[in-house]
Every structure is written in C-alpha cells, then in structure tokens.
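Visitor: Handing you this structure, nothing more for now.
The values are calculated or read from the model by the stated rules, or taken from the named source; none is laboratory data. Everything quoted here is computed from the prediction, not taken from an experiment. Ideal geometry is used to build each Cβ from the backbone, glycine not excepted, and the neighbour counts take in all protein chains shown. Each accessible area value is taken on the protein alone, full model and side chains, heavy atoms only, with ligands, DNA and RNA left out. Shrake-Rupley method; radii C 1.70, N 1.55, O 1.52, S 1.80 Å.
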Amino acid sequence: MTTLLQHPGYEEEKLQRVAELLLCREVQAGTLLSLMGQPQQRCYPSIFIYGHRASGKSHVMNVLLKELELPHAVVSCVECVSAVLLFEQVLLSFFGCDAVSLLPRSPSLSDFVRIYRQQCSPSPAKQTRYIVMEKAELLRDTDANLLPALLRLQELVEDNVTVILLSEIVWDKFRPNTGCFEPLLLHFPDYSKGELQQILSQDRNPSYSAEFYSAYINILLGVFYSVCRDLRELRHLAALNFSKFCEPLSEGKVKETDTHKLWRNIEPHLKKAMQTVYLREVSSLQWEQIQQMDEKETGALRGLSAHTHVELPYYSKFLLIAAYLASYNPARTDKRFFLKHHGKIRKTNFMKKNEKTSNHLLGPKPFPLDRLLAIFYSVVDSRVAPTASIFSQISSLVTLQLLAQVSHDDQLDAPKYKCAVSLDFICAISRTVNFDIVKYLYDFL
C-alpha cells in the first residue's frame with residue numbers, strides 16, 4: 001500500500017499514515033503527489049480534479065495537505081457567495097488577520113493580487129501554497145475574470161502557489177468561452193462494489209466480529225448498489241439499518257453465522273428503505289419511530305414515503321380524485337359514471353380491441369381542464385362555485401408534482417394535465433374523504 005505513495009521529500013511515517021487513511025484511493029493519491037512534487041519545488045499553477053459526488057476528491061486533498069503539513073487554504077464556493085469572501089479566506093489562511101484588514105471595502109481582483117504580493121514579498125513561500133476550491137463549478141456564475149485569474153494566480157502574484165479545483169462536472173463544460181490557462185486534469189472514478197464493501201466494512205461495531213459486519217454490508221450492497229453508488233448515502237443506510245439486522249441475534253434466535261435467517265429478517269426492511277434513498281423526507285429518529293409503529297399496527301402496510309402522509313386541503317383531495325378518474329377512465333365513460341339517468345350500458349358492448357389492456361398498465365392519459373372540473377363538480381359532496389381558489393389549488397397540485405401539465409404554457413384557454421400518483425396513493429386519499437374511488441374506475445367494473 002505504501003509503495004504507491006513513496007515520494008522524495010516526505011517522511012515515510014507520514015506517507016504510511018496517508019495510505020492508511022486513503023483506503024481504495026492510493027492510486028489517485030500517488031498521482032496527485034507526483035503532480036505536486038516535493039514541497040520546496042514549484043508546482044504546476046492549477047490542477048482540475050473532477051468526479052462524481054462522494055468519490056473521495058475532498059477527502060484525498062484534505063488528508064494529503066493535513067498529514068503532510070503543507071500550507072493550504074480550503075475554500076468552499078458554497079459558503080463564499082462573493083469574491084470578497086474568497087479573497088478574505090485565502091489571505092486569512094496564509095497571512096493572518098492583518099492581511100485581511102488591508103482589503104478595501106469592496107475589493108477587486110487587482111486589490112487581492114496587490115495585497116498578496118505585498119505580504120509574500122518580504123517572506124516568499126518556502127513550500128508550495130495550495131488553494132483548494134471545493135464545489136468549483138459555482139465559479140462559473142461569478143465574475144468572468146475570476147476563474148481565468150485563479151488558473152494563473154501563480155503568475156499574477158509571483159509566488160509558489162497552486163490552485164486546485166474540485167468539481168463534479170468535466171472541464172469541457174467548465175472552460176470559459178473566452179479561453180483561459182489550461183489546468184492539469186485528474187479524474188476520480190466511482191468506487192466499485194468491492195471498494196465500497198472494503199470501505200464500509202471499516203465502520204463495524206466493536207461489539208460484533210468483522211465477518212458478521214462484512215456479511216451485513218454485503219447484503220446491504222446487494223439491495224442498494226443498483227440504485228445508489230454514493231458512499232455517504234450508503235454509509236448512512238448502513239448505520240440506520242444495522243440495529244434491525246442485529247435484532248434476531250440480540251434476542252438469541254440465531255447465530256452470527258446464520259446469514260440466511262438474518263437476510264430473511266432484514267430483506268423487507270431494506271426494500272422499504274430503498275423507497276427513500278436520497279430523499280431525507282424524515283430524520284433517522286423519525287424513520288425508526290415509523291418502523292416501530294408499523295410493527296405494532298395490524299392493518300395495511302404503511303408506505304415509507306412521506307408523500308403517503310401528505311396533508312391536502314379538502315377540495316384539493318377531490319380535485320386529485322377527479323384528475324385520477326380523468327386520466328384512467330376513457331372520456332366516453334364519464335356519462336356512465338357521473339350521470340344519474342345514463343341507462344344501462346354493458347361494458348362488453350362498447351369495448352374495442354385496444355381496450356383489452358388495462359388502462360392502469362398503459363399509464364395516465366392527458367385530459368383537458370374542463371373535463372377535470374366537470375368530474376370534480378360531480379364527485380364533490382357539496383355545491384362548489386368555480387372560484388379562483390379552485391384554480392389556485394390545481395396550480396398547487398402541479399407544483400407538488402401530483403399533477404403534471406402536458407400542454408404548452410401559451411395554451412391558456414385549454415390546458416391539459418396528467419395525474420402523477422399511484423393507485424395506492426389515490427385510494428389512501430379517497431379514504432380520508434369517504435369516497436370509494438374503485439366504484440368509479442373503468443378497469444374495475
């Protein structure tokens with residue numbers, strides 16, 4: 001492991017410590033050390049490191065700079081919402097508060113370069129100074145001259161300083177149209193399944209053996225790896241579900257080696273948890289409380305997503321019910337369902353060949369606004385005037401992504417919508433208003 005990080009100019013103990021902290025990122029760390037060179041040597045002016053979220057970019061840079069004790073300034077472009085904050089952060093990290101006080105009230109890039117040169121001229125850098133820009137893609141939204149200046153800051157300030165940009169997008173989408181100094185590019189690939197297994201296994205609970213926790217991580221990755229490769233998200237899921245995995249063991253029902261029984265116990269729990277990957281709709285504590293309540297309830301299984309517990313205004317629920325009926329019922333069946341004296345029409349008499357397939361399998365169909373309102377006034381249990389409040393609630397349902405507008409915005413006279421909720425969801429909404437929606441669905445006749 002340490003052979004990849006052998007480099008002249010750095011102590012062997014420090015490199016050993018770096019290799020231990022950078023699990024499965026030794027190759028990238030070795031490449032980065034080669035680009036950085038020895039501490040006293042002049043480094044390349046700018047390096048662009050890119051890769052997907054949670055691929056180890058910031059972690060590798062922070063470990064290298066801190067463990068090797070290199071002078072550096074870490075700047076988050078999310079926190080530094082203006083160039084002024086960026087200038088202050090860099091000067092504060094390298095030269096202290098006195099240098100920051102020299103900045104004028106509204107400093108420009110020229111003021112920053114001038115003060116930097118004044119501070120480093122009496123005592124030039126003995127080692128390369130590094131400025132690490134996290135979330136560097138946000139620099140594209142700043143002043144047009146800031147990014148090109150940072151890429152060649154070494155030339156402007158005449159100091160041994162290197163700017164390292166960390167980004168989730170490739171350089172081709174980053175390059176300014178006016179041209180700029182081209183940095184060195186270094187790609188951080190995603191972790192493989194084996195690497196994720198190795199990294200997550202390091203977080204094991206000391207109360208259990210390494211083999212037991214490794215088997216748990218293997219089960220976790222078998223469920224989530226196809227939908228989630230994010231190390232931080234997987235680490236959160238592993239910590240959140242481990243107590244459930246250990247329940248049969250703590251109750252004395254199984255042994256650590258009985259992986260099959262442990263898998264049967266945790267499988268339904270993990271499949272439920274897969275519905276909320278990345279969403280963070282509830283906190284970890286609330287999630288555990290929901291699971292405890294689900295175990296006590298004997299009725300229908302409660303969905304994990306917080307959307308199943310959404311609270312809507314009274315008429316918005318009927319609007320959503322009407323939208324679902326308009327999306328999944330043929331338009332010519334409205335007379336059958338919503339008029340009292342429609343006569344008896346047998347379903348087989350007007351079924352066509354293309355209606356042999358269930359409408360729920362074909363998906364929701366678009367419908368015009370006037371049809372939605374006609375069904376709404378038929379199913380609501382009281383007389384409702386067509387006020388602006390009703391139309392605003394339709395817009396709110398679109399904003400909540402419960403309805404989808406499929407017509408163009410310029411079609412003000414006859415907008416069209418689609419219902420974007422599932423059958424289970426609309427049945428849950430219907431029960432809250434005592435409306436039996438199944439009786440009004442053509443597929444269930």
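Visitor: Take N145 and tell me if it is surrounded by fewer than 19 Cβ atoms within 10 Å (Cβ to Cβ) and in the same structural domain as I131 (by TED's automatic domain parsing).
Guide: On the way: surrounded by fewer than 19 Cβ atoms within 10 Å (Cβ to Cβ): yes; in the same structural domain as I131 (by TED's automatic domain parsing): yes.
Yes.
Visitor: Here's a follow-up. Can you tell me which residues in region 201-240 are open to solvent by 30 Å² or more (accessible area, probe 1.4 Å), part of a helix (DSSP H, G or I) and charged (D, E, K, R)?
Guide: D203, E211, R232, R235, listed by residue number.
Visitor: Test A428 against the criterion of being under 16 Å from Y315 (Cα atoms) and either modelled with pLDDT under 85 or loosely packed, with under 12 Cβ neighbours inside 10 Å (or both), and give yes or no.
Guide: Working: under 16 Å from Y315 (Cα atoms): yes; either modelled with pLDDT under 85 or loosely packed, with under 12 Cβ neighbours inside 10 Å (or both): no.
So A428 does not fit the description; no.
Visitor: Return yes or no: is L412 at pLDDT below 80 and either within 16 Å of F444 (Cα to Cα) or among the hydrophobic types (A, V, I, L, M, F, W, C) (or both)? Spell out how you get there, then give the answer.
Guide: On the way: at pLDDT below 80: yes; either within 16 Å of F444 (Cα to Cα) or among the hydrophobic types (A, V, I, L, M, F, W, C) (or both): yes.
So L412 passes the test.
Visitor: How many of the residues making up region 100-134 are open to solvent by 10 Å² or more (accessible area, probe 1.4 Å), in contact with an Asp or Glu (Cβ under 8 Å, 6 or more places away or on another chain) and at pLDDT 90 or above?
Guide: 6
Visitor: Looking only at region 169-221, which residues are free of Cβ contacts under 8 Å to residues at least 12 places away in the same chain and among the hydrophobic types (A, V, I, L, M, F, W, C)?
Guide: Residue satisfying the conditions is A210 alone.
Visitor: Name the single residue, out of those in region 333-361 being at pLDDT 70 or above and over 15 Å from F444 (Cα atoms), that is surrounded by the most Cβ atoms within 10 Å (Cβ to Cβ). Reasoning before the result, please.
Guide: In the first step, residues of region 333-361 are kept if they are at pLDDT 70 or above; the result is 333-339, 358-361.
Of the ones still in play, those that are also over 15 Å from F444 (Cα atoms) are 335, 338-339.
On the way: K335: 12, F338: 17, L339: 10.
This residue is F338.
Visitor: When you scan region 224-242, do you find a residue that is hydroxyl-bearing (S, T, Y) and either closer than 30 Å to H52 by Cα or modelled with pLDDT of 85 or more (or both), even just one? Spell out the reasoning first.
Guide: Residues of region 224-242 hydroxyl-bearing (S, T, Y): 225-226.
Now drop any that are not either closer than 30 Å to H52 by Cα or modelled with pLDDT of 85 or more (or both), which leaves 225-226.
Scanning region 224-242 turns up at least one residue that is hydroxyl-bearing (S, T, Y) and either closer than 30 Å to H52 by Cα or modelled with pLDDT of 85 or more (or both).
Visitor: Return the residue satisfying two criteria in turn: it lies in region 321-332 and is assigned to a helix (DSSP H, G or I) and of a type outside the set (G, A, S), and of such residues it is surrounded by the fewest Cβ atoms within 10 Å (Cβ to Cβ). Give the derivation first.
Guide: First, the residues of region 321-332 that are assigned to a helix (DSSP H, G or I): 321-328, 331-332.
If we keep only those that are of a type outside the set (G, A, S) as well, we get 321, 324-325, 328, 332.
Details: I321: 24, Y324: 27, L325: 26, Y328: 24, R332: 10.
It comes out as R332.
Visitor: Within region 96-138, how many residues turn out to be of a type in the set (S, T, N, Q) and in contact (Cβ under 8 Å) with a residue 12 or more places away in the chain? Steps first, answer last, please.
Guide: Applying the first criterion (of a type in the set (S, T, N, Q)) to region 96-138 yields 101, 106, 108, 110, 118-119, 121, 123, 127-128.
Pick out the ones that are also in contact (Cβ under 8 Å) with a residue 12 or more places away in the chain and you get 106, 118-119, 127-128.
Total meeting the criteria: 5.
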